[in-house]
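Everything on this sheet refers to the single structure shown next.
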Amino acid sequence: MSRAILHDYFRSSAAYRVRIALNLKGVEYEQRGVNLASNAQADAAYRAINPQGFVPMLEIDGHKLTQSLAICDYLDANFEPNPFVAKDPAARSHILALALVVACDIHPLNNLRVLKYLERELHQPQDAKDDWYRHWVSEGLSALEAMAKPQAGSFLVGDAPTLADICLVPQLYNARRFGVRIDHYPTLRRAEESANALPAFAAAHPDRQEQPA
């Protein structure tokens, strides 16, 4: 059984995805915190092993893997339990589309470095930053609800968790933190409830991680 090192930040959506993925695959891992709030990702030592300076980074099988969806793809290719995508090409494409709505359309506009840029370089007040966050998250979640509904079951696609759910749960966690209303997304909320009932998802929750001092 592989043992991995996950360079992590407890509230990072991308790192949260990878914690879920590792748990679903039964891969043991050591967590090494990278405190984004104190800009630890910019430290030369971390940049030396991860030039982009983001979290997560996963050290496994002699590799240093970055980008959460690429890490999930590696885990899915190398560990059999709980496949993240379907074998059927159309079903696989649908799962990937749902995951990418979160990972490519919602999350990049609202991660910490973007919010810091709005504040520091563009001198936007807190209420403007909050409006920015809520607008883009709400727009993305509305699309995701409509896309997922026709093929959803207990989860976003059918009755087993997929990569789409791995991306959804961290995004909804962050949406609540910033006061985004999610009561009018019944498909998303049902999938989240089903996912969080699973030990792999529950153990990855930010509240269950070691937090920086």
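General remarks:
- Single match in Ala128, Ala40, Ala97, Ala103 (criterion: small (Gly, Ala, Ser), under 15 Å from Asp8 (Cβ atoms) and touching a helix residue (DSSP H, G or I) at 6+ places or on another chain (Cβ under 9 Å)): Ala40
- For segment 44-59, the set of residues classified as of a type in the set (Phe, Trp, Tyr) and farther than 18 Å from Arg19 by Cα consists of Tyr46 only.
- Residue under evaluation Lys64, criteria (1) touching a helix residue (DSSP H, G or I) at 6+ places or on another chain (Cβ under 7 Å); (2) outside any helix (DSSP H, G or I); (3) surrounded by 18 or more Cβ atoms within 10 Å (Cβ to Cβ), criterion not met: (3)
- Taking the numbered list (1) modelled with pLDDT of 95 or more; (2) under 23 Å from Arg32 (Cα atoms); (3) among the hydrophobic types (A, V, I, L, M, F, W, C) in turn, Phe84 passes all entries but (2).
Per-residue answers, yes or no, for (1) surrounded by 13 or more Cβ atoms within 10 Å (Cβ to Cβ); (2) part of a helix (DSSP H, G or I):
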position: Asp127; (1), (2): no, yes
position: Arg134; (1), (2): yes, yes
position: Ala143; (1), (2): yes, yes
position: Ile166; (1), (2): yes, yes
position: Val169; (1), (2): yes, yes
position: Ala175; (1), (2): yes, yes
position: Gly179; (1), (2): no, no
position: Ala191; (1), (2): yes, yes
position: Phe201; (1), (2): yes, yes
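- Picking from residues in segment 50-59 that are without any contact (Cβ under 8 Å) to a residue 40 or more places away in the chain and on the phi < 0 side of the Ramachandran plot, the one that is farthest from the chain's Cα centre (by Cα) is Pro51.
- Residue that is farthest from Ser13 (Cα to Cα) [pool: residues in segment 145-158 that are free of Cβ contacts under 8 Å to residues at least 12 places away in the same chain and part of a helix (DSSP H, G or I)]: Pro150
The values are calculated or read from the model by the stated rules, or taken from the named source; none is laboratory data. The shown structure was predicted, so the numbers you read here are calculated from the model rather than taken from an experiment. We place every Cβ from the backbone using ideal geometry, glycine too, and count neighbours over all the protein chains shown.
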